[in-house]
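The values are calculated or read from the model by the stated rules, or taken from the named source; none is laboratory data. Owing to the predicted nature of the structure, the values given are computational and were not obtained by experimental measurement. In this analysis, Cβ positions are derived from the backbone assuming ideal geometry, glycine residues included, and neighbour counts consider all displayed protein chains. In case anyone asks, the SASA skips ligands and DNA or RNA and just uses the protein heavy atoms, side chains included. Shrake-Rupley method; radii C 1.70, N 1.55, O 1.52, S 1.80 Å.
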Amino acid sequence: MALFDLPLDELRAYRSESTEPEDFDAFWEKTLEQTREHDLDARFEPVETGLTTVEVYDVTFAGFGGHPVKGWLRLPAGATGPLPVVVEFLGYGGGRGLPHESLLWASTGRAHFLMDTRGQGSAWGGGGATADPVGAAPAYPGYMTRGIEAPENYYYRRVITDAVRAVEAARSHPLADATRTAVLGASQGGGLTIAVGALVPDLVAVAPDVPFLCDFPRAVTLTDRHPYREIGLFLKTYRGRTAEVRRTLSYFDGVHFAARGRAPALFSAALEDQTCPPSTVFAAFNAWGHEDKTIEVYDFNDHEGGGPFHEAAKVRWLRSYA
């Protein structure tokens with residue numbers, strides 16, 4: 001796919017037309033307050049993997065509604081002192097996988113916490129282990145329209161809340177240095193990274209790669225690729241509900257979270273990305289509230305973005321922060 005979005009100079013100036021709800025902050029403050037009425041109850045069970053350089057723990061903690069959420073905690077083998085923490089969120093449809101996977105961040109000497117995504121895990125990778133026990137009104141197959149009739153019921157209210165609690169769970173481990181916590185993820189994980197970067201006040205760094213869940217008004221009309229297309233297909237059936245759906249999505253738009261970004265950030269965008277179009281990524285990057293921000297641009301890549309090249313860039317970049 002050749003370039004289909006705005007030219008790069010226009011991307012660097014682009015601003016979203018997404019309308020922020022007046023009660024955006026109150027909505028999220030209430031959501032997190034209600035969630036914290038449940039004890040975090042973070043549990044770390046050692047897992048035998050046969051690995052000699054990394055120790056792995058099967059984690060369970062209480063997310064939205066007190067629902068159990070799974071994860072993996074990976075530590076450098078034999079670590080005894082406080083470790084900087086990297087919390088990672090997953091792409092759409094994937095799960096936490098198997099304990100021997102995803103060894104990069106623990107191999108850099110950090111504690112690596114990988115959150116499972118509720119209800120997902122069956123589209124790619126090694127599978128997931130977290131149910132979503134909340135029902136929903138009629139929805140298009142996938143996750144984008146579950147509960148979309150109202151922000152209080154929307155699927156991503158639960159997932160974003162889980163992500164905030166994942167940071168709290170990671171920080172609760174005895175070897176974690178809570179003062180040196182970074183969050184990162186790609187695609188859906190990038191969108192969650194942006195949200196957590198707004199909702200958790202004392203992170204040292206955030207790194208959203210080709211982030212999803214940004215600039216919904218543009219995304220759902222610019223690309224016909226899933227997952228954004230789920231929203232259009234829902235509205236194709238439920239005619240006349242566009243304003244209602246846009247209102248719900250406005251509470252979850254990465255652009256509005258980005259305006260509240262409180263930590264240094266490294267974004268990435270791919271100019272041929274039809275899944276998360278570059279203008280939607282730049283909309284969040286340009287809105288990011290912290291002045292220390294950088295975006296890596298991959299000119300001829302689709303949604304794979306920078307891949308291993310960007311992993312190396314993140315390793316180098318994060319040395320200055322955690």
Notebook entry, point to check: Which value, in debye to the nearest 20, gives the size of the charge dipole of the chain about its Cα centre, when Lys and Arg are +1 and Asp and Glu are -1 at the Cβ?
Noted result: 200
Notebook entry, point to check: Out of residues 5 or more away from D116 or on other chains, whose amide H comes under 5 Å of its own, with H placed 1.01 Å from N in the peptide plane?
Noted result: K70, G71, W72
Check: In the neighborhood of F252, defined by Cβ-to-Cβ distances under 13 Å, what is the net charge if each Lys or Arg adds +1 and each Asp or Glu adds -1?
Finding: +1
Notebook entry, point to check: How big is the antiparallel share of DSSP beta bridges in region 19-112, given as a percent to the nearest 5?
Noted result: 90
Checklist line | Accessible-area composition of the chain, carbon plus sulfur, in percent [1.4 Å probe] | finding: 51
Margin query: Charges at C-beta only: +1 for Lys and Arg, -1 for Asp and Glu. How large is the resulting dipole of region 174-275 about its Cα centre, in Debye rounded to 20?
Written below: 440
Next item on the list: With +1 on each Lys and Arg Cβ and -1 on each Asp and Glu Cβ, and nothing else charged, work out how big the dipole of region 218-258 is about its Cα centre, in Debye to the nearest 20.
Entry: 140
Notebook entry, point to check: Karplus couplings for region 10-21 from phi (6.51 cos²θ - 1.76 cosθ + 1.60, θ = phi - 60°), rounded to Hz, Gly and Pro as x?
Noted result: 6, 4, 5, 10, 5, 10, 6, 9, 4, 8, 7, x
Next item on the list: Output the relative contact order of the chain, whole-number percent, from Cα pairs under 8 angstrom with separation of 6+ residues.
Entry: 18
Notebook entry, point to check: Excluding T179 itself, what net charge comes from residues whose Cβ is under 10 Å from its Cβ, given Lys and Arg +1 and Asp and Glu -1?
Noted result: 0
Notebook entry, point to check: Using bins 10 angstrom wide from zero, how does P(r) for the chain break down, in % of all Cα pairs?
Noted result: 6, 28, 37, 22, 6, 0
Check: Karplus couplings for region 66-74 from phi (6.51 cos²θ - 1.76 cosθ + 1.60, θ = phi - 60°), rounded to Hz, Gly and Pro as x?
Finding: x, 5, x, 10, 9, x, 10, 10, 10
Checklist line | Residue-wise HN-Hα coupling along region 106-119, computed from phi with Karplus coefficients 6.51, -1.76, 1.60 (Hz; x: Gly, Pro) | finding: 5, 5, 8, x, 10, 6, 10, 10, 10, 7, 6, 10, 3, x
Item checked: Burial ranking of peptide ranges 21-32, 165-176 (average Cβ count within 10 Å, highest at the top) -> 165-176, 21-32
Next item on the list: Figure the gain on full extension for D202 and D302 (residue separation times 0.36 nm, minus the Cα-Cα span) and round it to one decimal in nm.
Entry: 32.7 nm
Item checked: Cα gyration tensor, region 191-322 - rounded (a/c under 1.5), prolate or oblate -> oblate
Notebook entry, point to check: Near S279, within a Cβ-to-Cβ distance under 9 Å, what is the net charge of the other residues, with Lys and Arg +1 and Asp and Glu -1?
Noted result: -2
Item checked: Built amide H within the under 5 Å cut-off of V54, gap 5+ -> A77
Next item on the list: Would you mind checking which residues have amide H under 5 Å from A176's amide H? H placed 1.01 Å from N; only 5 or more apart, or other chain.
Entry: L83
Item checked: Percent of beta bridges antiparallel (DSSP, the chain, rounded to nearest 5) -> 45
Check: Using a basic spin-label model with each label point 7 Å from the Cα along Cα→Cβ, how many nm lie between L32 and L104?
Finding: 2.7
Checklist line | Where region 168-322 is the region considered: accessible area per residue in Å², 1.4 Å probe | finding: 35
Margin query: With the cut-off at 1.5 for a/c, could you classify region 1-105 from its C-alpha gyration tensor as rounded, prolate or oblate?
Written below: oblate
